[in-house]
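Have a look at the structure below before the remarks.
The values are calculated or read from the model by the stated rules, or taken from the named source; none is laboratory data. What you are looking at is a predicted structure, and each value in this text was computed from that prediction instead of being measured. Cβ placement follows ideal geometry from the backbone for every residue including glycine, while neighbour counts extend to all protein chains displayed. Note: accessible area is taken over every heavy atom of the protein model, side chains too, but ligands, DNA and RNA are not part of it. Shrake-Rupley method; radii C 1.70, N 1.55, O 1.52, S 1.80 Å.
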Amino acid sequence: MAQRFTGLILTIGIGVAATLPGVGGAQDRPERVNGRPNLNGIWQAANSAYWNLEAHGAEALEDFWQLGSLAAITAGLSVVEGGSIPYLPEALARRGENRAGWPKSDPVAACYMPGIPRATYMPYPFEIVQGDGDILMAYAFANSNRAVHFEDRRTLDEVPVDLWMGWSNGSWDGDSLVVETIANDDRTWLDRAGNYHSNQMTVTERFTPLNENHMQYEATIEDPQVFSRPWTISMPLYRNIEPTAELLEFKCVEFSENLLYGEYLLNPPE
């Protein structure tokens, strides 16, 4: 219910903020909003971190050989500072189990919300709506969304339940938007490679504009139950500059039904 309520707030907020200058196309886009950098727009990562945050080579998905090159992992460089995720030795076995059960074991295969930071570098765009209060972020995948709270900032004890998209507290450090996300549901993954976290994870993101259409994204992940130390990912984000740009929904529930419930159907898919 909490996620549904947040979604309602986001819908209302977008309707109001869409009237603000700089939320839509590039025409008359101000450089700053209430003295802060104007982050309004539709943004997207352009890398293969959604497959694996660490460096990885191109690889065939043997179980989907009928799709040929359409079902293959694209190669990618690591976006993890230092190259590797610092797992505790006992935590690596869980990642191996996650990988062995892919794709069904991946929460996004079931159209669950991807969580933070994964939502940022999914192969789908997201929209930032910035006005004079909370900042709203809407994601194409699974109608995911979150509010970045500047006044109703909460500690972990003040969030009643863990949330798929966590609880995000916002602040500014100069021209960088800093977002601390707590109360993260431990059922979300960090990528398709099975990298995961516990519900004790805290994600501290920094959105730093480089120019009107580019910004640097960093996310520092702290989770002493899974990782030996905090670690950081970093990548550029690109603003969609098409004059007709809009965020299109990807309502994926119906596409997941056969995967989740096929064995119970009268005529299960082959």
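Annotations
- Residue in region 110-119 that is among the aromatic types (F, W, Y) and either closer than 27 Å to V226 by Cα or open to solvent by 30 Å² or more (accessible area, probe 1.4 Å) (or both) present: yes
- Put simply, of R187, R206 the only residue that is basic (K, R), open to solvent by 30 Å² or more (accessible area, probe 1.4 Å) and not in a strand (DSSP E or B) is R187.
- When N258 is tested against (1) in contact (Cβ under 8 Å) with a residue 24 or more places away in the chain; (2) part of a helix (DSSP H, G or I); (3) open to solvent by 40 Å² or more (accessible area, probe 1.4 Å), exactly one condition is not met: (1).
- Residues satisfying the stated conditions in region 136-184, i.e. under 20 Å from A45 (Cα atoms), open to solvent by less than 50 Å² (accessible area, probe 1.4 Å) and either assigned to a loop (DSSP other than H, G, I, E, B) or among the charged types (D, E, K, R) (or both): A140, A142, S144, R146, M165
- A residue that is surrounded by 16 or more Cβ atoms within 10 Å (Cβ to Cβ) and within 21 Å of A138 (Cβ to Cβ) occurs somewhere in region 227-235.
- Of all residues making up region 209-226, the number that are assigned to a strand (DSSP E or B), of a type outside the set (S, T, Y) and open to solvent by 20 Å² or more (accessible area, probe 1.4 Å): 7
- Given (1) open to solvent by less than 10 Å² (accessible area, probe 1.4 Å); (2) assigned to a helix (DSSP H, G or I), index of the condition G194 fails: (2)
- Scanning region 49-69 for residues that are among the hydroxyl-bearing types (S, T, Y) and in a loop (DSSP other than H, G, I, E, B) returns a single hit, Y50.
- Conditions (1) free of Cβ contacts under 8 Å to residues at least 24 places away in the same chain; (2) in contact with a strand residue (DSSP E or B) (Cβ under 9 Å, 6 or more places away or on another chain); (3) among the hydrophobic types (A, V, I, L, M, F, W, C); number of the one not met by L190: (1)
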